[in-house]
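Structure, as structure tokens:
The values are calculated or read from the model by the stated rules, or taken from the named source; none is laboratory data. From a predicted model like this one, the values you see are computed outputs, not experimental measurements. Note: ideal-geometry Cβ built from the backbone for every residue, glycine included; neighbour counts use all protein chains shown. Ligands, DNA and RNA are stripped out before the accessible areas are found, and what is left, the full protein with its side chains, is counted by its heavy atoms. Shrake-Rupley method; radii C 1.70, N 1.55, O 1.52, S 1.80 Å.
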Amino acid sequence: MNAIDLDDLKAIKKIDEDGMLKTIEDFPLQCREAVDLACGLSFDIPSDMRSVVVLGMGGSGIGGDIAKVLLEDELRIPFLVNKGYLLPRFVDDKTLCFAVSYSGNTEETLSGFDQAVERGCPVISITTGGLLENKAEERSLPIVKIPKGLQPRAALGYLSLPILVVLERMALIGDKGQGIQETLAILDERAKNFSPHKPLNQNEAKILATRLCGKVPVIYGSDGPTSVAALRWKCQFNENSKVPAFWNVFPELNHNETVGWELLGDITDHFLLLLLRDAEESERVKKRVEITRSLIEGRFGGASEVWSGGKSRLARTFSLIYLGDFVSFYLAALNGVNPSPVERISVLKRRLSEE
Ligand code: F6R
């Protein structure tokens, strides 16, 4: 198969049958709407919460991972993202729960919701509808009702920002207004820079996708914004571009994975190393990344570094995530696959629901 020309808008449109590109381009707008929706939510929850738990899977659960990373330098109570059926024992009526499910029908999230309600937690749901909406409505619990019609992973603004806004409104964290404004400005600028109208030789997203074509991405971040961005890049390569991808974080990867690049060079030659970098990473991490790159780069079929933009944690996280969304989209186009459907996830959920 001959890969398409990424500057050929007609060819891109033909592959992108369900309009993923438009959703990615509209992401700054989505973030604005998400903030407004959460500002308008009415809820009455005491502010003496002792922990926060986000229930969510996949494209919805990562909303919790993002919030966790954004808040870890200021939130004074533990924050857990629960990705499974069972809630840990510590969760009780002093745990603020967010149940996040785009469809509202994800069984792990629904199971967590039931347990949270049983234990008397205040629960805020973020969803388009489904069983989660029904369950929350039955108990008159607050719901951030978000628009239908997107792939969950394409609704990241709706699924992450309301968590921040609610915690800010409860005075559990400080004012996020400035960070949000900075982030929106950066996203607007990036939407132009990574747009399909920007030719390949001036478009970082198209250039990276071209480098990745035919390769398995291995994405390394480090503690903080680049860790969750690395996870997001991996998931977007899986779901949009339909390729395997792997991620890990410094410093932990230095204690195991670094050694794993010693043998099997004829296989690892088909892998491409992507290092997600952040101006705020510590001197020790910087040094680790540099030494590690020099040790393992030769085992890969190429390596690239990508830097976050902006000052606030929010801007640095979202700037990287946004680039990854475009790269995964262009890689889908180069692979000749429609980025939107996730057939295997749908089949799996269907089969699981059979008696
Ligand atoms: C699909 C996607 C998936 C879903 C996951 C949970 O775009 O990203 O990872 O997010 O299967 O489903 P929801 O989000 O409906 O709870």
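In summary, residue 279 fulfils each of the numbered conditions (1) in a loop (DSSP other than H, G, I, E, B); (2) of a type in the set (A, V, I, L, M, F, W, C); (3) at pLDDT 95 or above with the single exception of condition (3). The residues of segment 238-263 that are within 30 Å of residue 338 (Cα to Cα), polar (S, T, N, Q) and in a loop (DSSP other than H, G, I, E, B), listed by number, are 240, 241. Residues considered: 12, 66. Of these, the only one that is open to solvent by less than 10 Å² (accessible area, probe 1.4 Å), within 16 Å of the ligand (Cβ to nearest atom) and in a helix (DSSP H, G or I) is 66. Return yes when residue 280 is open to solvent by 70 Å² or more (accessible area, probe 1.4 Å), closer than 23 Å to residue 183 by Cα, of a type in the set (D, E, K, R) and free of Cβ contacts under 8 Å to residues at least 60 places away in the same chain and no when it is not. Yes: the conditions hold for residue 280. Report whether or not residue 34 is within 16 Å of the ligand (Cβ to nearest atom) and surrounded by 18 or more Cβ atoms within 10 Å (Cβ to Cβ). So residue 34 passes the test.
Could we say that residue 107 is more than 14 Å from the ligand (Cβ to nearest atom) and over 22 Å from residue 179 (Cβ atoms) here?
Answer is no for this residue.
Output yes when any residue across segment 172-179 is in contact with a Ser or Thr (Cβ under 6 Å, 6 or more places away or on another chain) and either within 26 Å of residue 36 (Cα to Cα) or in a loop (DSSP other than H, G, I, E, B) (or both), and no when none is. Yes, the conditions are met somewhere in segment 172-179.
If I filter segment 139-169 down to residues being within 21 Å of residue 119 (Cα to Cα) and assigned to a loop (DSSP other than H, G, I, E, B), which single residue comes out as farthest from the ligand (Cβ to nearest atom)? The selected residue is 140.
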